[in-house]
Amino acid sequence: MPNVFSRIATAYAICGQLITAVDLLPARNPNHIRFRLAFTDSSRLHVSEEWRRGALGAYSYYWLDAHDALIQGWDNAPHHPYLDNFPHHTHIGAQSNRQPSYVTTLEEVLSIIRSRLGTV
């Protein structure tokens, strides 16, 4: 099972010099990983993952701009059953703008952020 430090190492492997700071956040239990990444444009990614028997269970990745406005968020909270690919979905620009999502891992989210902010 990954730990917070291995997940942060993954973030650096994908986003390299785009990351300016990392904050460790309190977790609910030993299987819960939480941290926040800051990027060169002052945006931040809030990461929350719950691992179950070595597999990713619940996840939430929320990318906010410098003013705490939502850029995009990805999660699998099971509260939008009408969306294709339930429970996986994304919020684009606002919590109320929900779309189906096939992006389900931190690696995929970081690749999106890297492509939007520029390559390293």
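The values are calculated or read from the model by the stated rules, or taken from the named source; none is laboratory data. Predicted, not measured: the structure shown is a model, and the values here were computed from it. Backbone-built Cβ (ideal geometry, glycine too); neighbour counts: all protein chains shown.
Summed over the stretch 57-96, residues that are farther than 25 Å from Cys15 by Cβ and not aliphatic (A, V, I, L, M) total 10. Scanning the stretch 1-42 for residues that are hydroxyl-bearing (Ser, Thr, Tyr), surrounded by 12 or more Cβ atoms within 10 Å (Cβ to Cβ) and not in a helix (DSSP H, G or I) yields Thr20, Thr40. What do you reckon, is His67 more than 21 Å from Ser111 (Cβ to Cβ), buried (at least 16 other Cβ atoms within 10 Å of the Cβ) and either among the small types (Gly, Ala, Ser) or modelled with pLDDT of 95 or more (or both)? Taking the combined requirement at face value, the residue does not satisfy it.
Of the residues making up the stretch 73-111, those that are outside any loop (DSSP other than H, G, I, E, B) and in contact (Cβ under 8 Å) with a residue 40 or more places away in the chain are Leu106, Glu107, Val109, Leu110, Ser111. Take the conditions (1) surrounded by 13 or more Cβ atoms within 10 Å (Cβ to Cβ); (2) at pLDDT below 95; (3) of a type outside the set (Lys, Arg); (4) closer than 17 Å to Thr10 by Cβ; Gly54 misses just one of them, which is (1). Scanning the stretch 47-60 for residues that are more than 10 Å from the chain's Cα centre (by Cα) and assigned to a loop (DSSP other than H, G, I, E, B) turns up at least one hit.
Condition first: among the aliphatic types (A, V, I, L, M) and assigned to a loop (DSSP other than H, G, I, E, B). Now tell me which residues in the stretch 61-72 satisfy that. Once the filter is applied, which keeps residues that are among the aliphatic types (A, V, I, L, M) and assigned to a loop (DSSP other than H, G, I, E, B), the stretch 61-72 yields Ala66, Ala69.
Given the criteria under 16 Å from the mean Cα position of the chain (by Cα), surrounded by 15 or more Cβ atoms within 10 Å (Cβ to Cβ) and polar (S, T, N, Q), does Gln95 qualify? Against the criterion (under 16 Å from the mean Cα position of the chain (by Cα), surrounded by 15 or more Cβ atoms within 10 Å (Cβ to Cβ) and polar (S, T, N, Q)), Gln95 does not qualify. For the stretch 14-31, enumerate the residues that are under 25 Å from Arg114 (Cα atoms) and not polar (S, T, N, Q). Passing the criteria: Ile14, Cys15, Gly16, Leu18, Ile19, Ala21, Val22, Asp23, Leu24, Leu25.
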